[in-house]
Structures are given as C-alpha cells and as structure tokens.
Amino acid sequence: ATVLAIETSCDETAVAIVKNRHVISSIVSSQIAIHRQYGGVVPEVASRQHVEIVNQAIAQSLTESGLGWSDIDAIAATCAPGLVGALLVGLTAAKTLALVHQKPLIGVHHLEGHIYASYLTDPTLEPPFLCLLVSGGHTSLIYVKECGVYEILGQTRDDAAGEAFDKVARLLNLGYPGGPILDRLATEGNPKAFPLPEGKVSKPEGGFHRYDSSFSGLKTAVLRLTQTLQQSGQPLPVNDIAASFQATVAKALTRRAIACALDYGLNTIVVGGGVAANSGLRQHLQDVASQHNLRVLFPPMKFCTDNAAMIGCAAAEHFEKGHRSPLTLGAQSRLPVSDVMKLYGSNAN
Ligand code: ATP
Ligand code: MG
Ligand code: FE
C-alpha cells in the first residue's frame, strides 16, 4: 500500500509517503531551535508551529514523491500518545485529506511507529519479535506478537532513557536535546572512568524485577559525581562523565532486553525510539546479542527520532490487515500500546 502519513505528536512536524516499507519521500521539520531557549518543549508553541507548516510539508512531500492523490491508498496520522494540541493539528489535516480525496483514514499509535521504523532497515522482518523501545518518553520492552497485538513486558519506573540523557546533559550545562550531545562527547571519553549504578528495580514482594528499569538513581549519581569533581577546582572531565553515563545506560538496557528475549524465546530484538541512535547502545547490544545468537535490528539513523516514515510503515501494516479509523477519531495524550485496536473499526473512540 502507498500511505501518506503525518506526525505531529511533539516537536517535529513530519510528513512522509511510504510504499510497502520503502520511503518515497520524507519531510521532517524540527522545532528544536524554537524550544531550545526554554530548555524543553512548550506545548502551546509546538501546536502553533505545526499549524504554520503542516500544509507546506504535505505539499512538499507529495511533490518530492512525484506521485498524485490517485496513487495514495490511505491517509495516516499519529493520534496518540503525545501533546493533544499538537496531535490534533496532524490528525485534523489527515481527516480533511481523507474526506476530500475519499481515502481511508488510519490513526496510528506513535510507539507503533517507533516499533516499525526497523521495517525500513529490513523490509522482510516479521513478528514475533521483542521491541526495546527507548525514546524521550518511554523505555519499554514490548512483545510484538503481530501488528496490533502487543504485550508490555517491562517499563521504566521513573525517567525514560532519552529523558535521562536530556537531564544529565542539562545538569552538565551541555544543551538540549542531550542525547546526541552526550553521544558525541562519549566517543572522546573513557567509559570506565567512573563506576555508576545501573539502577535495579525491586518487586513489591521482594527480589529484582528483571525487565523494568530505573534511571533516576543514575541521574542523581551523575549529579553527585559532578559536584564532587567541581570541588577539586579542575576542569570538569565531561567526556569521561558522558562516556561512563552512556556505557551504564547501554549496559542496563542490554541486560534487560537480552534476559527478556531469552526468557520468552524470541530470537530477534528490534530497537526503536530516539535512543536507538545511540552509538554506545548500538555497539554493546549488538555485541552481547551476538554472543547469545540473537539478532538485533536498529532503524536507519535518521528514522530513530520522530518522523512520519515510521508512522506510514505502521499504517501500511494496519491497512493490509483491513484496519480503518472513523473520521470521528480523537487525539489522546495517553494510550497504552497494548490498546491500539481501540483506534480501528467499531472499537474506535
Ligand atoms: P516518545 O516517542 O516517547 O513520545 P519522543 O518522541 O520525544 O518521545 P524520540 O523522538 O523518539 O522521543 O527521541 C527523542 C529522545 O532521543 C531525546 O530524549 C533525545 O535526547 C534522545 N536521543 C536522540 N539521539 C540520541 C543519541 N544519539 N543518544 C542518546 N539519546 C538520543
Ligand atoms: Mg522531538
Ligand atoms: Fe517519539
């Protein structure tokens, strides 16, 4: 199927045209420069920016694809989870196009987009597989049984992996978003310079919960370390701190993903979300997985962070299964990925 997809859940205005797990055109306009001055995304500013450029992005995506409306089989938009005002901009644009051009509408769960971004790396990939989803708002281990059928096996108890990168970068005064900056500095540092806690999570009834993660303790440890080092009066060894922090996050995520894949007998681990771009994670997970004869797949670098090509990929899967959303579909700030079928057919809100 050929799908035109729109993504406006946060601070990227993105439009793409995807045909059978291949990108025909992809436009991503980031608002990072606008939000940077506030140190994070300001919801109302994000919605306004989406309104200003979404139509232009749609036109540009269509022009670059060389296709016409008659070549498009369905219109897709991210409708959950995310900032409601931001989601509504893309969803309303998609509904309008669906109505005007008489195409089916497919609402997409943002995390399904991150899961299926790896189809752009390997179009032959099929479930079942384990997805390690590591983004700005989520850190989850998701058992992908088939398109639309998910079981969440592990989650973070506090900060998401991407959020941890952003917070650590902020406390080191490095800027926003922190992930790419720390990744770059880490390549110049010694990952063994400072031992840091991986952050184990205990079960309420005692014992260690194998698949859940926690990054707030690690963040606090980096803060204490930084304060101690600052007292010495020497310049702060930011490269070594970045490398030590990044290696600790990579180890924590890898340990959980490997344990989970082995326990559930899943031989493929698919990584998704902005932190899938992290060089430390890519290297370490790949190394440990190959020791266990597990396959690891990452999205192409530019489709790790938010984009519409991944949304088109997810929508195409739903399209092939006959899933359609009603034009009354709403935007939702929260929706577990295990509830995605609520977006289709008679279940849709
Ligand atoms: P969600 O998908 O959970 O709603 P989001 O859409 O804001 O959150 P993404 O766009 O998937 O998140 O990812 C953004 C996050 O990825 C940011 O926290 C950013 O710091 C992090 N990130 C991006 N590149 C890297 C990198 N190379 N290393 C580590 N983190 C990275
Ligand atoms: Mg973003
Ligand atoms: Fe995202």
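Observations on the model:
- Taken over segment 290-303, the residue count meeting the criterion of being more than 16 Å from ligand 3 (Cβ to nearest atom), in a loop (DSSP other than H, G, I, E, B) and on the phi < 0 side of the Ramachandran plot is 2.
- One residue stands out among those in segment 139-188 that are in a helix (DSSP H, G or I) and out of contact with any helix residue (DSSP H, G or I) (no Cβ under 7 Å at 6 or more places or on another chain): the one that is surrounded by the fewest Cβ atoms within 10 Å (Cβ to Cβ), which is 184.
- Segment 109-138 residues that are over 19 Å from residue 160 (Cβ atoms), paired with ones that are of a type in the set (Phe, Trp, Tyr) and within 16 Å of ligand 2 (Cβ to nearest atom) (beta carbon under 6 Å, 6 or more apart): 120/303
- For segment 304-343, the set of residues classified as outside any loop (DSSP other than H, G, I, E, B) and without any contact (Cβ under 8 Å) to a residue 12 or more places away in the chain consists of 339, 342, listed by residue number.
- For segment 155-201, taking the residues that are more than 11 Å from ligand 1 (Cβ to nearest atom), modelled with pLDDT of 95 or more and of a type in the set (Gly, Ala, Ser), the one that is farthest from residue 221 (Cα to Cα) is identified as 189.
- Test: residue in segment 290-299 that is in contact (Cβ under 8 Å) with a residue 60 or more places away in the chain and more than 13 Å from ligand 1 (Cβ to nearest atom): yes
- Residue list for segment 261-289, filter: over 15 Å from residue 161 (Cβ atoms), in a helix (DSSP H, G or I), in contact with a strand residue (DSSP E or B) (Cβ under 6 Å, 6 or more places away or on another chain) and in contact (Cβ under 8 Å) with a residue 60 or more places away in the chain: 261
- Qualifying residue in segment 86-100 (condition: within 30 Å of residue 255 (Cα to Cα) and within 16 Å of ligand 2 (Cβ to nearest atom)): no
- Qualifying residue in segment 260-277 (condition: within 24 Å of the chain's Cα centre (by Cα), surrounded by fewer than 22 Cβ atoms within 10 Å (Cβ to Cβ) and within 16 Å of ligand 3 (Cβ to nearest atom)): no
- Cβ-Cβ contacts under 6 Å between residues 6 or more apart (or on different chains), taken from a first residue in segment 3-18 that is among the hydrophobic types (A, V, I, L, M, F, W, C) to a second residue that is near ligand 3 (Cβ under 10 Å from one of its atoms) and in a loop (DSSP other than H, G, I, E, B), are listed as 10/82; 14/307.
- Within segment 3-27, the only residue that satisfies the criterion of being farther than 17 Å from residue 94 by Cβ and within 13 Å of ligand 3 (Cβ to nearest atom) is 11.
- Restricting segment 24-40 to residues that are more than 18 Å from the chain's Cα centre (by Cα) and crowded, with 19+ Cβ neighbours inside 10 Å, the residue that is modelled with the lowest pLDDT: 35
- Failed criterion for residue 33 (all others in (1) within 16 Å of ligand 3 (Cβ to nearest atom); (2) free of Cβ contacts under 8 Å to residues at least 12 places away in the same chain hold): (1)
- From the list 47, 25, 9, 29, the one residue that fits, being polar (S, T, N, Q) and within 13 Å of ligand 1 (Cβ to nearest atom), is 9.
The values are calculated or read from the model by the stated rules, or taken from the named source; none is laboratory data. This one's a predicted model, so the numbers in the text were calculated from it and none came from an experiment. Ideal geometry is used to build each Cβ from the backbone, glycine not excepted, and the neighbour counts take in all protein chains shown.
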